[in-house]
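Down below is the structure, laid out as structure tokens.
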């Protein structure tokens, strides 16, 4: 009877199941990848403080980088400034090669001596190809040597799908990058050299009486944008990396291969607005926060407190802030000696079962080796107590004798 009734009603049940599956999948996709379409060949939205990818569309599609290369050129230059190998007031003599280069320029002249600071402005603000060559020659002795430095830097940053053939981005055979690599580059660049944003957010630059506007038109809109770089070559289309900050939240939007200047601006802004509207930055763990204890064997202390090695900031969909959980993964025990700052485990920051970030756990103090007491004494029950009592009695009598001698 039960089987018959099931056969009669299986269609409604199957139909209901079908709709539930569709609904469940749709909800899941909206929390992991929004129903957002960007009019570009490739696009990525990254949360800068955490490095989390909030949106991606063909993120690993290899595309000629155009002027995106200039971020890496400036990265190498700012590294040299930090190390003292380069100074902002150093004078650079402009070569014929630098003067002759085509494309966008800051209009330096052969034999002119230009400050490094002005060359950086010429690259960051008006995308000067001539400034790139002049700076590369000054830093490395030749453009070719500088290109080697650029690719070494790219490799050290983890740019897995990029190869650079010049310091400015004009078309060159087998020169490519991806939106994902450019998001990573922008994040590390801003993190390592936040002072660079002062240059990238400047609206105009004048050299030799020629005034030019910053090509990133999002800077002129009151939406929090303070950088970063535009790009265009016929082969690839129009690119834009835009970064903006609202409160503690900084986002990086990368669009590559748009059909026009207007579209790259609109699509980058759409990504940023989507990110600020739909995601929250949460500090799940603060650096130095005590998160528990781990047993120590053969130490003067039986346990040591472990603390977070750094800040654990994560980004979650708005309304999901309370879904964050912390799970500490530490061994059952560690052996003495233990050094302060020694890694003893990690904490997993999760949201709805998905790991968003891992933070190392460190010992909060030193624990030196202690006197080893055999197990029968520690865990031998009555026998252990008797032995300990006899030892204590002997120790007291010994101390008393010494006092009266």
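The values are calculated or read from the model by the stated rules, or taken from the named source; none is laboratory data. Note that the coordinates shown come from a computational prediction; the quantities given were computed from them, not determined experimentally. Glycine gets a Cβ as well: all are built from the backbone with ideal geometry, and neighbour counts include every protein chain shown.
Laid out as a table, the results:
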item	result
Enumeration of residues in the range 97-121 that are under 16 Å from residue 137 (Cα atoms), surrounded by fewer than 19 Cβ atoms within 10 Å (Cβ to Cβ) and more than 32 Å from the chain's Cα centre (by Cα)	97, 99, 100, 109, 110, 111, 112, 113
Qualifying residue in the range 264-274 (condition: more than 15 Å from residue 47 (Cα to Cα) and touching a helix residue (DSSP H, G or I) at 6+ places or on another chain (Cβ under 6 Å))	yes
Residues that are over 26 Å from residue 217 (Cα atoms) and buried (at least 24 other Cβ atoms within 10 Å of the Cβ), drawn from the range 127-145	134, 136
In the range 338-368, the residues that are more than 23 Å from the chain's Cα centre (by Cα) and part of a loop (DSSP other than H, G, I, E, B)	339, 340, 341, 342, 364, 365, 366, 368
Failed item, numbered, when residue 212 is tested on (1) farther than 30 Å from residue 324 by Cβ; (2) out of contact with any helix residue (DSSP H, G or I) (no Cβ under 8 Å at 6 or more places or on another chain); (3) not in a strand (DSSP E or B)	(3)
Scan of the range 26-48 for residues that are modelled with pLDDT of 95 or more and either crowded, with 17+ Cβ neighbours inside 10 Å or out of contact with any helix residue (DSSP H, G or I) (no Cβ under 7 Å at 6 or more places or on another chain) (or both), ordered by number	38, 40, 41, 42, 43, 44, 45, 46, 47, 48
Number of the exception - residue 236 against (1) buried (at least 18 other Cβ atoms within 10 Å of the Cβ); (2) within 21 Å of residue 50 (Cα to Cα); (3) in contact with a helix residue (DSSP H, G or I) (Cβ under 7 Å, 6 or more places away or on another chain)	(2)
Residue identified as within 20 Å of the chain's Cα centre (by Cα), outside any helix (DSSP H, G or I), assigned by TED's automatic domain parsing to the domain that holds residue 128 and modelled with pLDDT of 90 or more among 74, 54	54
Residue within the range 64-80 that is crowded, with 16+ Cβ neighbours inside 10 Å, in contact with a strand residue (DSSP E or B) (Cβ under 7 Å, 6 or more places away or on another chain) and farther than 15 Å from residue 169 by Cβ present	no
Matching entry among 255, 294, 304 (being in a strand (DSSP E or B) and in the same structural domain as residue 231 (by TED's automatic domain parsing))	255
Single condition residue 214 does not satisfy, out of (1) touching a residue at least 24 places away in the same chain (Cβ under 8 Å); (2) surrounded by 18 or more Cβ atoms within 10 Å (Cβ to Cβ); (3) within 20 Å of residue 43 (Cα to Cα)	(3)
Subset of the range 316-337 [in a loop (DSSP other than H, G, I, E, B) and either loosely packed, with under 14 Cβ neighbours inside 10 Å or in contact with a helix residue (DSSP H, G or I) (Cβ under 7 Å, 6 or more places away or on another chain) (or both)]	318, 319, 331, 332
